[in-house]
2 protein chains.
Amino acid sequence: MRMTKNIYFAGAIRGGRADWAFYQEMVRLLGRYGTVLTEHVGNSELAISGEDMPDREIHDRDLTWLHQSDYLVAEVTTPSLGVGYEIGKATEWGKPVLCLFRRGSDRKLSAMIAGSDRVTVSIYDDLDDVREIISTFLG
Amino acid sequence: MRMTKNIYFAGAIRGGRADWAFYQEMVRLLGRYGTVLTEHVGNSELAISGEDMPDREIHDRDLTWLHQSDYLVAEVTTPSLGVGYEIGKATEWGKPVLCLFRRGSDRKLSAMIAGSDRVTVSIYDDLDDVREIISTFLG
């Protein structure tokens, strides 16, 4: 039996600089509650170079990690097909899903995410909010 | 037994003007092969006003339609959480999925979509390509 929880963190790879600062901090915070399988998503170099792997391998590796996870935590301020795809899978697989959306962006969260009863959506302003939201969800 | 096929068409609601012209034409073309349950996605007024319905109702209605569909056809040039979510669900439910990506945008298609063996990805330049791709997939 695993003693620690596995956490899958997802965020738009092409998020802007503001997103990346939050991703990095989220990965760090999640690390207090378990093993973050997708730690590389908090690495801003990914935004520049992408991953040097065939798409099929990235896809299969990420879905294997998602299967192995106890939770999906997704930053959803910047729209992303990949993140949406992972939320669709995780809700089908009965995994608890937390979506973090930053207030003040001019974006509106997709009704498919905001309207799902299998997803917890939390709005944040700053890192204090993020800390509290994650602690409530995982603590 | 239903005599016609049901087709679910998906596209980013916040796609730009170029996207909408293609969405509209795709909905029209798909109508030759079956009933397009999400015809409203081809209506550009949606981009301005959005849908005047609670998120939960939009979500549940769209997932009911997706369940009732024989195919999912998605335009994936503009990243979208909702479209990714629907692709994630449809691949779990064993529905054939066609993703259309327009060449020449500076975007790269997500590895989660490009790398899925349950998704047919087709690149298009113009409406002639779209016509041929749809005919090959549904004809």
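The values are calculated or read from the model by the stated rules, or taken from the named source; none is laboratory data. Quick caveat, the model's predicted, so the values are computed rather than measured. All Cβ positions, even for glycine, are placed from backbone atoms using ideal geometry, and neighbour counts span all protein chains on display. Ligands, DNA and RNA are stripped out before the accessible areas are found, and what is left, the full protein with its side chains, is counted by its heavy atoms. Shrake-Rupley method; radii C 1.70, N 1.55, O 1.52, S 1.80 Å.
Quick one: count up the residues across segment A:50-61 that are out of contact with any Gly (no Cβ under 8 Å at 6 or more places or on another chain) and either within 9 Å of chain B (Cβ to nearest Cβ) or farther than 16 Å from A:I13 by Cβ (or both). Spell out how you get there, then give the answer.
Kept after step one, since they are out of contact with any Gly (no Cβ under 8 Å at 6 or more places or on another chain), are these residues of segment A:50-61: A:50-53, A:61.
With either within 9 Å of chain B (Cβ to nearest Cβ) or farther than 16 Å from A:I13 by Cβ (or both) added as a condition, the list becomes A:50-51, A:53.
Total meeting the criteria: 3.
Could you list, in sequence order, all residues of segment B:62-116 that are β-branched (V, I, T) and over 21 Å from B:G15 (Cβ atoms)?
The answer is B:T64, B:T91.
As an exercise: evaluate B:K89 against (1) charged (D, E, K, R); (2) open to solvent by 10 Å² or more (accessible area, probe 1.4 Å); (3) under 20 Å from A:D117 (Cα atoms) and give the number of the one condition it does not meet.
Checking B:K89 against (1) charged (D, E, K, R); (2) open to solvent by 10 Å² or more (accessible area, probe 1.4 Å); (3) under 20 Å from A:D117 (Cα atoms), the one that fails is (2).
Can you tell me how many residues in segment A:26-47 are modelled with pLDDT under 95 and either within 11 Å of A:E75 (Cβ to Cβ) or touching a Leu at 6+ places or on another chain (Cβ under 7 Å) (or both)?
3
When A:S69 is evaluated against the numbered criteria (1) out of contact with any Asp or Glu (no Cβ under 7 Å at 6 or more places or on another chain); (2) away from chain B (no Cβ under 12 Å); (3) surrounded by fewer than 20 Cβ atoms within 10 Å (Cβ to Cβ), which criterion, by number, is the only one it fails?
(3)
Give the residue, chosen from A:V76, A:V130, A:V83, A:V119, that is buried (at least 16 other Cβ atoms within 10 Å of the Cβ), closer than 29 Å to B:I58 by Cα and more than 14 Å from every other protein chain (Cβ to nearest Cβ).
A:V130
Has segment B:93-106 got any residue that is under 21 Å from A:C99 (Cα atoms) and either facing another protein chain (nearest Cβ under 8 Å) or open to solvent by 40 Å² or more (accessible area, probe 1.4 Å) (or both)? Can you show your working first?
Taking segment B:93-106 first, the residues under 21 Å from A:C99 (Cα atoms) are none.
So far as segment B:93-106 goes, no, none of its residues is under 21 Å from A:C99 (Cα atoms) and either facing another protein chain (nearest Cβ under 8 Å) or open to solvent by 40 Å² or more (accessible area, probe 1.4 Å) (or both).
Go through segment B:1-114 and tell me which helices (runs of 4 or more DSSP H), entirely inside it, have 1 or more residues that are touching a residue at least 40 places away in the same chain (Cβ under 8 Å) and within 16 Å of A:V83 (Cβ to Cβ). Break it down into steps so the answer makes sense when it comes.
Details: elements: B:17-30, B:45-49, B:55-68, B:81-92, B:111-114.
Hits in segment B:1-114: B:81-92.
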